């Protein structure tokens, strides 16, 4: 059965005008004719570029045949899926390897069956249906069977479309049969009319002959010229003529009767044919009624299909709207999260701005106070240097006086002993102590008070920012450098005093060494002072940059807050318009936002504590590194007394952080 279908499809394939040979199975197994047929059936899908991929000169190379057939099969399946929207999951896929290697007619029949489905369902399907109608009835039956097998494999919403094409095909066949039968009926009616005319003419001739016979048999008959012919007698010429005429008329009568019998037989046959044609016409009318009913059903199915398409489009629109609604819900959630974040950030920035606004005035006051205190400290340092130098001079004088005093005391003791020995029992008078505290206590108290105030100011500024702490570190470095300069100035004054003295023993190699050390120290301290000044300048620039950045951030957050409020209002309006039930949940959303804001405040406080701990750790590490560097710098090229005069490394500041 399948091989008959394959042969019928090959016969149909021969009706297509193709350039490649396609008369038998072996010629179709290379796939070239099949590809050309697809290009002819649907040129908008199987384009010339696709046809150029098919190898033409294949020969006996079965691999090229397999590649061509695979391209054809893939193209046909894509055409069914993309263009016709039909599923071929239940239809067995043609095996290209069997077709190419073994020239399997069964697999080739499957592929030809698929190409037939493409031809029947393409845009120019009417021409291909007429080509099928021109074939023999047996071929038409096999082709119809192949189409029905292919139709049973189609799935989804498209079977109605395929059954419609096959029903159109059946209706076309029935219409052509009805037209042929109507033509035969018309020809039979024409022949009946001709036979009736012949019958009437024959009856007229018979009546004429009977009249003539009666006239001849009547002896008193009158001829054409009105003269009596006379009685008919045997042997007369008139009798012989009449006899001959009678025989001729008998022969004509026999011929007419035979012709009449033939015509009767023909008429009966024609009547039988007419009856059969009437039966066929009745059957055709019934089939036409059935076709009209089928057409009505098809119209109903088309309307249902159109409604289904409209409903599908509406369903797709509603799905899109639902997806948009879900997207809007997600966007609203994201906007709510962002709004909560923005509220937290706004609260955080408001707190920071309040702190900064409060701290800016304090910073300005502290700056002015620090400048005034630096000026006072410089003046007091210069005074302190002079006083310390005077104190050292006084200490030198005190040591000399103490030595003289000791000598005098020794002399006094010796004199007392002599007096005791002389006077024997006379008590000596108690001696007056000469040592007094010559160091000015008022100056010491003033310096300690200034240092305490400076320390209090620095501790008050310790909780502000990391930049202010770095400024404090730089100021402390400057103080250390000033102390070192003070010691250097003391050495210079001592050296100048030694130079002014007349003792030549002190102006030797020691003076040169001390001068070299002092020059090196001055150079080092000058470099360190320059570095400290540059660090202070950079820190002040950073502080100004942070202030400007903070102002710009405040502006940005104000604009973001305004934008967020607008977006939130729009989102609420959209939610209210889309689903009025959500409007009742606005209070719940506000409550959730407030709860999240409270949580965010707690989390922001935790973040602040972590940040402050991190800054404290970084500040301690930086301070240790700076102290180590200063210790290395100060420890090189100095005497033991100079190193003892250096400042002790600072301890870590105890910062008090306010916890909210």
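Remark: residue 246 matches the filter, which requires a residue to be surrounded by 14 or more Cβ atoms within 10 Å (Cβ to Cβ), at pLDDT 80 or above and either over 30 Å from residue 129 (Cβ atoms) or touching a helix residue (DSSP H, G or I) at 6+ places or on another chain (Cβ under 6 Å) (or both). When we screen 384, 407, 374, 391 for residues that are in contact with a helix residue (DSSP H, G or I) (Cβ under 7 Å, 6 or more places away or on another chain) and over 30 Å from residue 607 (Cα atoms), the only hit is 384.
When the residues of the range 95-116 are narrowed to those that are without any contact (Cβ under 8 Å) to a residue 24 or more places away in the chain and not in a helix (DSSP H, G or I), which ends up farthest from residue 151 (Cα to Cα)?
Applying the filter and picking the extreme gives 104.
The condition (being closer than 24 Å to residue 562 by Cβ, surrounded by fewer than 16 Cβ atoms within 10 Å (Cβ to Cβ) and modelled with pLDDT of 85 or more) is satisfied by just one residue among 341, 312, 336, 350: 341. Restricting the range 249-282 to residues that are in contact with a helix residue (DSSP H, G or I) (Cβ under 9 Å, 6 or more places away or on another chain) and over 30 Å from residue 208 (Cα atoms), which is surrounded by the most Cβ atoms within 10 Å (Cβ to Cβ)? Among those residues, the one meeting the criterion is 277.
Taking the range 291-301, which residues are farther than 18 Å from residue 177 by Cβ and either touching a strand residue (DSSP E or B) at 6+ places or on another chain (Cβ under 6 Å) or touching a residue at least 24 places away in the same chain (Cβ under 8 Å) (or both)? Within the range 291-301, 298, 301 qualify.
Let's see how each residue does on (1) within 17 Å of residue 109 (Cβ to Cβ); (2) modelled with pLDDT under 85; (3) not in a loop (DSSP other than H, G, I, E, B):
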{"site": "8", "(1), (2), (3)": "yes, no, yes"}
{"site": "13", "(1), (2), (3)": "yes, no, yes"}
{"site": "20", "(1), (2), (3)": "no, no, no"}
{"site": "39", "(1), (2), (3)": "no, no, yes"}
{"site": "51", "(1), (2), (3)": "no, no, yes"}
{"site": "69", "(1), (2), (3)": "yes, no, yes"}
{"site": "75", "(1), (2), (3)": "no, no, yes"}
{"site": "85", "(1), (2), (3)": "no, yes, no"}
{"site": "89", "(1), (2), (3)": "no, yes, no"}
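All of 78, 124, 134 fail the test of being free of Cβ contacts under 8 Å to residues at least 60 places away in the same chain and in the same structural domain as residue 46 (by TED's automatic domain parsing), apart from 78. Residue count for the range 320-359, restricted to those that are without any contact (Cβ under 8 Å) to a residue 40 or more places away in the chain and under 21 Å from residue 571 (Cα atoms): 12.
Listed conditions (1) surrounded by 12 or more Cβ atoms within 10 Å (Cβ to Cβ); (2) farther than 20 Å from residue 485 by Cα are all met by residue 372, apart from (1). Inspect the range 402-410 for any residue being closer than 28 Å to residue 492 by Cβ and not in a loop (DSSP other than H, G, I, E, B) and give the result as yes or no. Yes.
The values are calculated or read from the model by the stated rules, or taken from the named source; none is laboratory data. Quick caveat, the model's predicted, so the values are computed rather than measured. Note that each Cβ is placed from the backbone with ideal geometry, even for glycine, and that neighbours are counted across all protein chains shown.
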